[in-house]
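What follows draws every value from the coordinates through simple rules; no lab data is involved. Because the structure is predicted, anything quoted here is derived from the model rather than measured. Ideal geometry is used to build each Cβ from the backbone, glycine not excepted, and the neighbour counts take in all protein chains shown.
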Amino acid sequence: MIAYVHIEKNAGTSLKFILRNSFGIAHCDIQPTQKDRIFYNEDFKLLKNIYPWAKSISGHSLKQPSLRLNAELDYYTFLREPVERSASHYQYHQEVMKDRKSEFEQWIQTDTWRNFQVRRIAGEENLQKAIDIVEKDYFFVGLVEKFDESLAVLKALCPYPLDTRYHLKNAAIKNEIKDRLLTDNRKREMLEEANQIDGQFLTYVKKELYPKLKQAAVNAAGPLQLETGRTFFPWKYRLNQVYYKSVYRPAVKFHKEK
């Protein structure tokens, strides 16, 4: 089973469209039952009871996954330039989450939002730990800045067939908040300071890991084929959403209330 570690504001909604479209009801966007929003072995057992045929899962709750689950899963994720990602994340909190009380200067000093990508993978601001985990437990790490090419690499390395056609989802229509942060010298410096380890991690992936994965993909499947077609809500996607909303989500809600 493959497991997509969905890091916020890293093109994850577009990728989940691909997974739903490729796997139908063999894919699940997992939901944790515990208040800490982490997916544990008990959650995985519930998932397997409802999706005994599952081939693919994804979720924000796959935090430091290799130390949380006993299941044998093939992990993968996408990374993004950290200053841009962090600014987009703050904009999302303001516009979508309606977190109007958090001023940027306060938000960026909160540990939760600093070096967010390394924290999601390693569980802490530990560069070497994050590198060790992706080297050992991840079969793929893609780059948002090279999204289509990364999809071609993922398709070649994935143990299951993927339909990598997609249309862009959950992208901000306006980027006024993000743009203000990035063009304000003081605030940009704060973003850079808060994401130094993420920057080092991305540099490692770009220079060391991703080129190896790309070469492995070429060795496995020949020249990379970048899909240019776009597809909109086909039957597998619709079936996935019906089963998820009518069966899995009510079951998770029931277990939360026990």
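Is there a residue in region 117-124 that is under 30 Å from residue 179 (Cβ atoms) and of a type in the set (D, E, K, R)? Steps first, answer last, please.
Initial filter on region 117-124 (under 30 Å from residue 179 (Cβ atoms)): 117-121.
From what's left, of a type in the set (D, E, K, R): 119-120.
The answer is yes, given that some residue of region 117-124 is under 30 Å from residue 179 (Cβ atoms) and of a type in the set (D, E, K, R).
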Does region 26-67 hold any residues that are more than 26 Å from residue 242 (Cα to Cα) and within 17 Å of the chain's Cα centre (by Cα), and which are they?
63, 64, 65, 66
If we scan region 76-93, do we find a residue that is free of Cβ contacts under 8 Å to residues at least 40 places away in the same chain and either more than 27 Å from residue 149 (Cα to Cα) or assigned to a helix (DSSP H, G or I) (or both)?
yes
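With the condition kept exactly as written, say whether any residue in region 204-220 is under 30 Å from residue 52 (Cβ atoms) and touching a residue at least 12 places away in the same chain (Cβ under 8 Å).
Narrowing region 204-220 to residues under 30 Å from residue 52 (Cβ atoms): 220.
Among the residues that remain, those that are also touching a residue at least 12 places away in the same chain (Cβ under 8 Å) are: 220.
Within region 204-220, one or more residues are under 30 Å from residue 52 (Cβ atoms) and touching a residue at least 12 places away in the same chain (Cβ under 8 Å).
Give the residue, chosen from 118, 96, that is among the aliphatic types (A, V, I, L, M) and free of Cβ contacts under 8 Å to residues at least 60 places away in the same chain. Break it down stepwise before answering.
On the way: 118 fails: free of Cβ contacts under 8 Å to residues at least 60 places away in the same chain.
From the options 118, 96, the qualifying one is 96.
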Hits in region 1-36 (condition: among the aromatic types (Phe, Trp, Tyr) and assigned to a helix (DSSP H, G or I))
17, 23
Every residue in region 176-204 that is within 18 Å of the chain's Cα centre (by Cα) and not in a helix (DSSP H, G or I), please.
195
